[in-house]
Structures are given as C-alpha cells and as structure tokens.
1. Can you tell me how the stretch A:62-103 classifies by the Cα gyration tensor, rounded, prolate or oblate, using a/c under 1.5 as the rounded cut?
2. Where the only charges are on Cβ atoms (+1 Lys, Arg; -1 Asp, Glu), what is the dipole of the protein assembly as shown about its Cα centre, to the nearest 20 debye?
3. Taking R0 as 30 Å, what's the FRET efficiency between B:ALA79 and A:ILE46 from their Cβ-Cβ distance, rounded to 0.05?
4. Give me the accessible area per residue for the stretch A:1-78, probe 1.4 Å, as a whole number in Å².
5. Taking all protein chains in place and a 1.4 Å probe, what share, in percent, of the accessible surface of the stretch B:1-78 do carbon and sulfur account for?
6. What's the local net charge at B:ASN88, with K and R +1, D and E -1, over the other residues with C-beta under 12 Å away?
7. At 222 nm, what value in deg cm²/dmol follows for chain B if DSSP H runs of at least 4 each add -39500 (n - 2.57) and the sum is divided by all its residues, to the nearest 500?
8. Tell me, which residues of the stretch B:58-103 get at least 20 Å² less accessible area when the other protein chains come in, versus the chain alone (1.4 Å probe)?
Protein chains: 2
Amino acid sequence: MIKVSVLYPNTSGCKFDMDYYLAQHMPMVQRKLGAACKRMAVDEGIAGGVPGAPATYAAMGHLYCASAEAFQAAFAPHAQAIMADIPNYTNIQPAIQISEVKM
Amino acid sequence: MIKVSVLYPNTSGCKFDMDYYLAQHMPMVQRKLGAACKRMAVDEGIAGGVPGAPATYAAMGHLYCASAEAFQAAFAPHAQAIMADIPNYTNIQPAIQISEVKM
C-alpha cells in the first residue's frame, strides 16, 4: 500500500479553508479516483514539537492506493480538474510525497 | 484525536534503518506510552510529486492519541529513553508536528 501525502506548508499569510477541503475537495478527489483510492485521511496542523512553535504544515491530505502506478493511472485523467480546485480552498503551494506504508 | 508526526527529512548522506525502527523503536514507544497511544503508523518515503524527485522525508512515524495533553503526559516520563534510541536507527534530526485528525 502506498500513501500520497499532499503537504500544505504553514507559511506566513497562508489561508486554508478546512471546511471546503473536507466537504468539497476531498470527496471530489474520492469520486474522481474511484476504487483506486482505498482510504483518505486529513490532518490539520496545530503545533510544532517545541512549545509555542507553529506546525510545519497547516494541513495534510493523504490518499491510500495499492501502488504508485495505480494512483497515477487513476489520477492522470483528472489531474487538471483536481488541481483547478486548489485555489478554492488555499493559497498554499503544496508539496507531494509518495510513501510506502510500512505499519 | 490528535496525531504526533515525527518527520525525518531526506537529507544528503542520511541513514535510516527501517528494520530497526519497525521492530525495535516503534514497539518500544508503544510500550512506554501504553494506552495513551491508540494507534501508530509508519511511512517510508519513496518519491516526490514530480517524476524523478526524491521524497521530502525519508521516513515518517505517527502516534495517534486522544489529545495533545494525553500525549504529553504519557511521553514526558519516557522522553529521555525514547530520544536516546534515535541514534540507533538514524543520523537524521527529525521535525515534529502535532495535528488534529479531521478525516
């Protein structure tokens, strides 16, 4: 199982509409990816590791798929529509990481 | 529910012994935190978002707890022992993020 993490850095002046992300964006991604997306997860950054430190990421969205190839095959036909929705909830340029789920 | 993410940046020359992390470190953390740690997850970085790009993080470990306070109360008495084990599996200085699990 792999996990595609979309990481939204908590930069100065950044905006992130978590309500829209949860109610509109992620369900749309789930519909577009269909059965290739086994599970989704969303985290909202609340703190860093040191007392008083801000979270590194304002938000993180995770998509679980059988393989990177399965994700890419399902994502590519919808990439443009999914990316076009980003400005509707944030002004942050996200970073993407693909990980293998080990535990 | 909150999630404490320990993020290991994929820096040049970094080493990360995933076998030790999975078989020794994470089970030790689970034993020390006890019932305060509801669930754990481990990811191994395999790629970035752009073809050929490396993963931002070599590895990520996640601890799920009822609240940041519950985590801190369970972690503090064992912080020294847990931190002292880090050089046994990596030379990376991890970053920590506390998130609220929204989905």
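The values are calculated or read from the model by the stated rules, or taken from the named source; none is laboratory data. This one's a predicted model, so the numbers in the text were calculated from it and none came from an experiment. A quick note on method: Cβ atoms are made from the backbone with ideal geometry, for glycine too, and the neighbour counts reach across all protein chains shown. Quick note on the areas: whole protein, heavy atoms, side chains included, nothing else; ligands and nucleic acids left out. Shrake-Rupley method; radii C 1.70, N 1.55, O 1.52, S 1.80 Å.
1. Verdict is oblate for the stretch A:62-103.
2. 300
3. 0.95
4. Working: 3610 Å² over 78 residues.
I get 46 Å² per residue for this part.
5. Working: 2060 of 3630 Å².
Roughly 57 percent of what the probe reaches on the stretch B:1-78 is carbon or sulfur.
6. Numbers: positive: B:LYS15; negative: B:ASP17, B:ASP19, B:ASP85.
For residues surrounding B:ASN88, the net value is -2.
7. On the way: 3 runs with 22 residues, N = 103.
Computed ellipticity for chain B at 222 nm equals -5500 deg cm²/dmol.
8. Residues shielded by partner chains are B:MET60, B:ILE96, B:GLN97, B:ILE98, B:SER99, B:GLU100, B:LYS102, B:MET103.
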